[in-house]
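Beneath this line is the structure, given in structure tokens, with notes to follow.
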Amino acid sequence: MRQGLFNLKASQYAASIIGTGSYVPDTVISNSYLEEIVDTSDKWIVSRTGIKERRKVLDEIATSDIATKAAIQALNDANLDPIELDMIIVATVTPDMAFPSTACLVQKSIGAINATAFDIEAACSGFIYCLSIAEQFIKSGSANNILVIGAEVLSKITDYKDRNTCILFGDGAGAAIVSKSKGYQILSTYLGSDGNGCDLLYLPAGGSRNPASIETINKSMHYIKMEGSEVFKFAVRIMETATEKALELCNLNKSDIDYLIPHQANIRIIENAMKRLDLTEDKVFVNVDKYGNMSAASIAVALDETNKMKRLSNGDNVVLVAFGGGLTWASSVIRWL
Ligand code: UT7
């Protein structure tokens, strides 16, 4: 019998991550392949971004397909039945379609018949936005188990004629179960946005401003547009500020960070954050070399890979921090248990 999201007794609970999962497609797009299709070089890409390869789905695969694979892994890791889920939140800028939400499509595929499902869009910060929403529902006692997913098929909105962007993006999905049960405890989440930067990173067509037409297609308006160096400047500033804010919210400071999981957009942005936060290399997660920038899936996949590495110890403070189109930014402190 469906419990109803708002029928549970309101009280304060801790929100914890009790399972994680991820999926990246098998097809690899190497720098040498990109050298063949645009005017670029492996040397330029590696030195400016740290990316060596990224993944791409087959033509018939959509975001909900890979989101479902990550979700099933997270449910197995948490030892949870899909019918125990109260909510599914998917962060994506590449939904299967405008509606229904990708979350509803995942709900159908996994048979989560008791869940409320919806998408949120905060570009690369999206997964931490999901975590924050889930944290509030768990803490208020309004939900017991929430599936959060960051999933993207960016290869379908990437212009492989534009060397400024096509070298950066890849496909993937990551998921986590946020629960009232004991697990990695979410100590804080911090979110921010600045719509004044809306034209630095965007997809012009396919919405109500520029509906799909022959003209929008001819002008390549269904592909990502980006002012790379402006986004870069914003990113290096906000990674430090957002990290400090999330730490402040749980009375910690820079020296309390045991491990940093930054948005995987560019190794130079990650190294800059590392320096500003006085962190050594061994305390910072990096997989941008393997997958490029997977937007909302970036932190989600990184969190799962960190979990699977089994390198962290009980009581470690792990910081997640991301930035993205909107502009948006987000951070979270998680206590590993
Ligand atoms: O999740 C958020 C998503 N976005 C980001 O995180 C993007 C953040 N920005 C970046 O990562 C970097 O700005 C980029 C990697 C996009 C670009 O690196 P950059 O060091 O900022 O280069 P630039 O845009 O200032 O361009 C420098 C030069 C230009 O040539 P000229 O004008 O100096 O002759 C570009 O045309 O590099 C050229 N260039 C390339 N050359 C070879 C740009 N892309 C390429 C390329 N291969 N792929």
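Brief remarks on what is shown
- Hits in the stretch 153-206 - residues which are assigned to a strand (DSSP E or B), of a type in the set (A, V, I, L, M) and over 30 Å from Gly19 (Cβ atoms): Leu201
- The set of residues in the stretch 270-307 being touching a helix residue (DSSP H, G or I) at 6+ places or on another chain (Cβ under 9 Å), open to solvent by 10 Å² or more (accessible area, probe 1.4 Å) and assigned to a helix (DSSP H, G or I) consists of Glu271, Asn272, Met274, Arg276, Glu281, Lys283, Asp289, Tyr291, Asn307.
- Single residue of the stretch 308-337 satisfying the filter (within 15 Å of the chain's Cα centre (by Cα) and outside any strand (DSSP E or B)) that is nearest to the ligand (Cβ to nearest atom): Gly325
- Ile113 being closer than 18 Å to Ile17 by Cα, away from the ligand (no atom under 16 Å from the Cβ) and β-branched (Val, Ile, Thr): no
- All conditions in (1) farther than 18 Å from Val46 by Cβ; (2) under 15 Å from the mean Cα position of the chain (by Cα); (3) without any contact (Cβ under 8 Å) to a residue 40 or more places away in the chain hold for Asp282, with the sole exception of (2).
- Subset of the stretch 22-47 [more than 13 Å from the ligand (Cβ to nearest atom), among the hydrophobic types (A, V, I, L, M, F, W, C) and surrounded by fewer than 17 Cβ atoms within 10 Å (Cβ to Cβ)]: Val28
- From Leu260, Leu303, residue being under 13 Å from the mean Cα position of the chain (by Cα) and either within 27 Å of Val90 (Cβ to Cβ) or away from the ligand (no atom under 16 Å from the Cβ) (or both): Leu303
- Some residue of the stretch 48-58 being within 14 Å of the ligand (Cβ to nearest atom), in a helix (DSSP H, G or I) and at pLDDT 95 or above: yes
- Residue count for the stretch 237-269, restricted to those that are in a helix (DSSP H, G or I) and open to solvent by less than 20 Å² (accessible area, probe 1.4 Å): 7.
The values are calculated or read from the model by the stated rules, or taken from the named source; none is laboratory data. Given the structure is predicted, the values throughout are model-derived calculations rather than measurements. Virtual Cβ from ideal backbone geometry, glycine too; neighbours counted across all protein chains shown. Just so you know, the surface numbers come from the protein's heavy atoms only, side chains and all, with ligands and any DNA or RNA stripped out. Shrake-Rupley method; radii C 1.70, N 1.55, O 1.52, S 1.80 Å.
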